[in-house]
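Here the structure is laid out as structure tokens; the discussion comes afterwards.
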Amino acid sequence: MPNWQPNWQNVLWNYGAAEAAAAALRRAADVLDQTADERARVADEARAEWRGRYRDEFDDKFAQTLRRAHELAGEYRAAANRILGANQQAREEQARRERDRERWRLEQEAEDRARQQQARSR
């Protein structure tokens, strides 16, 4: 028996759920961006003849709102990328474990053959 053991446990990860979550985050980010862009278009039309202090206050708060919407969309996309990165890491770890198991099996077979040959030669 080889003097080491592979990890016999499979990686516990729901690849489909991770991909679905990443896709949902990307869709939400797209909706945020689209909504912010549409709001800006509509606001530009509404502000065409608007003057005064309330217009200035609106402009400041509206700019903050649009900026935050785009920031949030970016955060959603970053989270989606992190999820997909974890998905890839899980796949790579599972593949590594499977390679280790196969290597262990081959070593075990080689040791068994050597033992059988030694027994026959006695």
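The values are calculated or read from the model by the stated rules, or taken from the named source; none is laboratory data. None of the values given here were measured: they were computed from a predicted structure. Positions of Cβ are backbone-derived with ideal geometry, glycine not excepted, and every protein chain shown enters the neighbour counts.
For region 55-77, filtered to residues that are farther than 22 Å from GLU19 by Cβ and of a type in the set (A, V, I, L, M), the residue that is surrounded by the fewest Cβ atoms within 10 Å (Cβ to Cβ) is ALA63. Just checking, does region 51-62 include any residue being in contact with a Pro (Cβ under 7 Å, 6 or more places away or on another chain) and at pLDDT 95 or above? The answer is no, given that none of the residues of region 51-62 is in contact with a Pro (Cβ under 7 Å, 6 or more places away or on another chain) and at pLDDT 95 or above. Would you check if there is a residue in region 34-41 being out of contact with any Leu (no Cβ under 7 Å at 6 or more places or on another chain), free of Cβ contacts under 8 Å to residues at least 24 places away in the same chain and part of a loop (DSSP other than H, G, I, E, B)? Checked region 34-41: no residue is out of contact with any Leu (no Cβ under 7 Å at 6 or more places or on another chain), free of Cβ contacts under 8 Å to residues at least 24 places away in the same chain and part of a loop (DSSP other than H, G, I, E, B).
Taking region 15-54 as the range and being hydroxyl-bearing (Ser, Thr, Tyr) and exposed (fewer than 12 other Cβ atoms within 10 Å of the Cβ) as the test, only TYR54 passes. Residues in region 91-122 that are closer than 12 Å to ASN10 by Cβ and either exposed (fewer than 10 other Cβ atoms within 10 Å of the Cβ) or aliphatic (A, V, I, L, M) (or both): ALA95 only.
Within region 74-81, is there a residue that is out of contact with any Ser or Thr (no Cβ under 8 Å at 6 or more places or on another chain) and touching a residue at least 60 places away in the same chain (Cβ under 8 Å)?
Keep residues of region 74-81 that are out of contact with any Ser or Thr (no Cβ under 8 Å at 6 or more places or on another chain), which gives 74-81.
Those still in the list that are touching a residue at least 60 places away in the same chain (Cβ under 8 Å) too: none.
So far as region 74-81 goes, no, none of its residues is out of contact with any Ser or Thr (no Cβ under 8 Å at 6 or more places or on another chain) and touching a residue at least 60 places away in the same chain (Cβ under 8 Å).
Just one residue in the set TRP13, TRP4, TRP50 is of a type in the set (Phe, Trp, Tyr), under 30 Å from ARG113 (Cα atoms) and either in contact (Cβ under 8 Å) with a residue 40 or more places away in the chain or out of contact with any strand residue (DSSP E or B) (no Cβ under 6 Å at 6 or more places or on another chain) (or both); that residue is TRP4.
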